[in-house]
1. Going through Asn98, Asn118, Asn90 one at a time, which residue ends up being modelled with pLDDT of 95 or more, in a strand (DSSP E or B) and surrounded by 15 or more Cβ atoms within 10 Å (Cβ to Cβ)?
2. Looking at region 82-116, which of its residues are over 17 Å from Val68 (Cβ atoms) and among the charged types (D, E, K, R)?
3. I'm trying to understand the selection: among the residues of region 41-94, which are basic (Lys, Arg) and closer than 18 Å to Ile131 by Cβ?
4. With the requirement that a residue be in a loop (DSSP other than H, G, I, E, B), under 19 Å from Arg116 (Cα atoms) and in contact with a strand residue (DSSP E or B) (Cβ under 7 Å, 6 or more places away or on another chain), what does region 35-76 give you?
Amino acid sequence: NYYTENEYGDISKKLQLRVNSNCSNIDPGTYKVVDTVRVSSNIVSVTLWDDGQEDGDIVSVWINDIVVLDNYVLTNAGRTFTFQVQPGNNKLILFAINEGDVGPNTAAITINNSKRINLSPDLLRGEAINIIF
């Protein structure tokens, strides 16, 4: 028998796995939108870092239905990536792969050096930013 338990130790007889792959479709019920950023170019510069204690937080980043960073370890120093978006509304979604040594997963992001957006995706639900081009 397999079972899972939550952070309170409550046991469930349901085993749920999230398998994100290049052919996955992201269900809007698996993430919540926390902010919107408007951009004037289809090329966006995304800076991503661990906003709390650098403790091994790992995320995967999707733009629309495409994995653009898979199993990325967040650091306090951060790193900048360049991605392409489509005309209209785009979803940049962070999914927590783990919560590091000290939960929760604490990420911060800027898009094109815009305002800082704090994200805290957990193991069950990601967080997203609408990017409108």
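The values are calculated or read from the model by the stated rules, or taken from the named source; none is laboratory data. Everything numeric in this text was worked out from a predicted model, so none of it was measured. Note that each Cβ is placed from the backbone with ideal geometry, even for glycine, and that neighbours are counted across all protein chains shown.
1. Working: Asn98 fails: modelled with pLDDT of 95 or more; Asn118 fails: surrounded by 15 or more Cβ atoms within 10 Å (Cβ to Cβ).
Of the residues listed, the single one that is modelled with pLDDT of 95 or more, in a strand (DSSP E or B) and surrounded by 15 or more Cβ atoms within 10 Å (Cβ to Cβ) is Asn90.
2. Scanning region 82-116 gives Glu99, Asp101, Lys115, Arg116.
3. Restricting attention to region 41-94, the residues satisfying the condition of being basic (Lys, Arg) are 79, 91.
Once the filter is applied, which keeps residues that are basic (Lys, Arg) and closer than 18 Å to Ile131 by Cβ, region 41-94 yields only Lys91.
4. The answer is Val39, Asp51, Leu74, Thr75, Asn76.
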